[in-house]
Ligand SMILES: CC(=O)N[C@H]1[C@H]([C@H](O)[C@H](O)CO)O[C@](OP(=O)(O)OC[C@H]2O[C@@H](n3ccc(N)nc3=O)[C@H](O)[C@@H]2O)(C(=O)O)C[C@@H]1O
Ligand SMILES: CC(=O)N[C@@H]1[C@@H](O[C@@H]2O[C@H](CO)[C@H](O)[C@H](O)[C@H]2O)[C@@H](O)[C@@H](CO)O[C@H]1O
């Protein structure tokens, strides 16, 4: 009798543990899995989940709702992959072959230099040891504002609201001086590529988005010899930003966005979408400003007076409409808050 009862307790404990661990691991990876009872498949899946769990432990989040939480929207869960790494770092400078081949075509670079030696040279100059925004294990609720460059920010009076975030992400040539009441004055991270570079305040992290090998080499020369001054347009020979403040966007993360989120629309993602997706992966709450047209249908920049500029929609590189729909869908499922401006 006692033996039977003990066996029952053991079996119950084993079944309970199996169910708990499996559901925790499946939940953890955010993947939409189809049920299959092939034992080999289950073992492979199980070991992959365990590996991911140890490699990418989930950061505790104390917001009311946290972006990476699965189970709220199938559309989101099917696209969001929390294991994708937004930065290249000195410790993680490997780009998978397929991502590299895709990336090489973005700007049709003729005879590119070796990527490995370029990255080795780059990480010999910049520390490239990650970003405090990314430090896992730090508790709390990371509130991020992503500020695009749309003219709909004019007269919006969003400035104070934007500045109240822990992290404020801006991009390209976006100025704050003179526009503080509408766009705020705080910047923690600024996304640029050589052709859109502007000098940043000393406390701002520069996130380089490389679209070609030359962009990575440009950072090296802009910090040293000053030899590169032209890519497809003139670019600054020298930059003042401190080496410690430079972070490098991961081309494999760009490809993930292009495939999972853009579903191959356009030639490659815009800086706005790259910044928004970056925020979704490193912040707990994301509020989006300065995306889309203004109330009159103009697509100009907030610092431009010529409202018929329309540069963002007119380029043949990005699918502005599809990108904007992603933003609206994210807002409709309450993963982000979208501030439409004026
Ligand atoms: C002529 C041209 O090439 N314009 C491109 C410019 C240009 O290269 C830089 O401004 C140079 O400093 O860069 C882009 O973008 P741009 O610098 O215009 O804007 C950054 C991001 O803000 C969002 N945006 C902008 C204006 C607007 N009316 N609505 C918006 O939603 C978009 O998400 C956009 O990505 C870029 O890098 O993506 C995309 C633009 O197409
Ligand atoms: C207006 C246009 O199509 N310019 C392209 C240029 O695209 C721009 O690239 C930027 C990154 O370098 C950024 O993505 C911006 O949003 C794009 O408009 C490049 O593709 C360039 C490559 O040689 O060709 C220009 O004609």
field: Test result for residue 245, over 23 Å from residue 116 (Cα atoms), at pLDDT 95 or above and under 22 Å from the mean Cα position of the chain (by Cα)
entry: no
statement: Taking region 280-322 and keeping residues in a helix (DSSP H, G or I) and either free of Cβ contacts under 8 Å to residues at least 60 places away in the same chain or crowded, with 22+ Cβ neighbours inside 10 Å (or both) leaves 280, 282, 311, 312, 313, 314, 320, 321
message: Between 330, 273, which is under 17 Å from the mean Cα position of the chain (by Cα), away from ligand 2 (no atom under 16 Å from the Cβ), at pLDDT 95 or above and under 18 Å from residue 147 (Cβ atoms)?
response: 330
message: Conditions first: (1) on the phi > 0 side of the Ramachandran plot; (2) within 16 Å of ligand 2 (Cβ to nearest atom). Residue 157 passes all but one, so which condition is the exception?
response: (2)
message: Here is a check on your reading of the model: is residue 325 over 17 Å from the mean Cα position of the chain (by Cα), within 22 Å of residue 82 (Cα to Cα) and outside any loop (DSSP other than H, G, I, E, B)?
response: yes
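The values are calculated or read from the model by the stated rules, or taken from the named source; none is laboratory data. Just so it is clear, the structure is predicted and the values come from calculations on it, not from any experiment. Note that we place each Cβ from the backbone using ideal geometry, even for glycine, and neighbour counts take in every protein chain shown.
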